[in-house]
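The values are calculated or read from the model by the stated rules, or taken from the named source; none is laboratory data. Bear in mind that the values here come from a model prediction, so they are computed numbers and not experimental data. Quick reminder, even Gly has a Cβ in these numbers, built from the backbone with ideal geometry, and neighbours come from all protein chains shown. We work out accessible area using only protein heavy atoms, side chains counted, and drop any ligands, DNA or RNA first. Shrake-Rupley method; radii C 1.70, N 1.55, O 1.52, S 1.80 Å.
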Amino acid sequence: MGDIHMIKVAICDDEKEYIDKISKIVSEIEDVKIYTYDSGYKILNILEEFDIFILDIEMPGISGMNLAHIIREKRKEAIIIFLTNYDSYVFDGYEVGAFRYLSKVRMDQKLLPAVKKAIDIVNDSKRGCFLSLSADKKTIIKINLKDVIYLEKSGKEVVFNTIHNEKIAIRATLGQMGDELDRFGFTEVRKGVLANIAYIERIDGQEVTLKNNIVLYTSRSRFEPIRKAMLHYWSK
């Protein structure tokens with residue numbers, strides 16, 4: 001990762017024991033600058049500086065969950081990893097788009113791969129997560145997948161619907177881009193329609209609500225696979 005800009009990681013936990021342990025694990029990764037805080041209040045005015053936040057949920061004063069809400073308002077692209085001794089908060093993490101929800105008991109096994117994956121995503125975001133496709137075998141179009149809310153098969157084309165309310169139609173098949181779509185967190189809502197998990201805000205019965213007030217309809221049989229995909233994406 002030597003050619004990528006330094007990734008800034010903020011660790012916030014009110015217990016020094018855990019700050020030291022988390023810092024030791026994260027310091028195994030190259031090109032990462034670590035900042036530690038024992039209170040959420042100490043980080044409120046500098047949230048824009050960090051790419052990744054590792055937060056303890058149960059903190060006095062301002063909890064990790066409340067801090068995450070503030071982070072999400074100011075740093076929409078930032079990655080949030082929660083650490084806790086309890087399992088009762090995992091679904092609350094959906095509200096702030098938490099990247100991972102990890103038990104402190106399993107931190108030795110889970111934290112390092114989670115941070116490495118988060119760094120990959122940050123670097124992809126800085127470079128752009130581009131999918132290159134040929135529209136007519138002569139012209140190559142690069143689509144930034146992080147901007148795609150959902151895509152759908154339409155006849156012989158795949159239509160990409162972006163966060164900027166654009167529609168990009170490419171003559172292609174979903175099979176041609178399967179691995180890339182899986183890598184960047186797309187899940188099947190119904191046959192021929194895949195949603196970017198990062199933009200799913202709510203699942204209510206057969207309604208899947210995405211950013212920009214987009215509502216997609218799924219089948220009863222797809223509800224559980226979508227829920228599991230979300231848990232995998234946010235809580236692995």
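Counting 0.36 nm for each residue step from residue 35 to residue 8 and taking away their Cα separation leaves a gain of 9.0 nm. Counting heavy atoms of the protein chains alone, residue 36 has an accessible area of about 70 Å² for a 1.4 Å probe. Amide H to amide H, with H built 1.01 Å from N, residue 150 comes under 5 Å of 161, 196, counting only residues 5 or more places away or on other chains. Model label sites at residue 46 and residue 106, defined 7 Å from Cα along the beta-carbon direction, differ in position by 3.3 nm. Of the residues 6, 177, ranked by 1.4 Å probe accessible area with the largest first, the sequence reads 6, 177. In this structure, the pairs whose alpha-carbon distance is over 31 Å, taken from 74/110; 116/228; 24/142, are 24/142. Put simply, the amide H of residue 36, placed in the peptide plane, has neighbours under 5 Å in 11, leaving out anything fewer than 5 places away on its chain.
Computed 3J(HN,Hα) for region 213-230, one whole-Hz value per residue from the Karplus formula 6.51 cos²θ - 1.76 cosθ + 1.60 where θ = phi - 60°, is 6, 8, 10, 10, 10, 10, 9, 4, 5, 8, 4, 5, x, 5, 4, 5, 5, 5, glycine and proline marked x. Put simply, the C-alpha atoms of region 174-228 give a gyration tensor, and the ellipsoid matching it has half-axes of 18, 13, 10 Å, longest first. Extension gain, residue 211-residue 176: 0.36 nm per intervening residue step, less the Cα-Cα distance, totals 10.0 nm.
Could you work out how much longer the chain between residue 224 and residue 116 gets when fully extended? Use 0.36 nm per residue separation minus the Cα distance between them, nm to one decimal.
On the way: separation 108, 0.36 × 108 = 38.88 nm, distance 2.79 nm.
That pair, residue 224 and residue 116, stretches by 36.1 nm at full extension.
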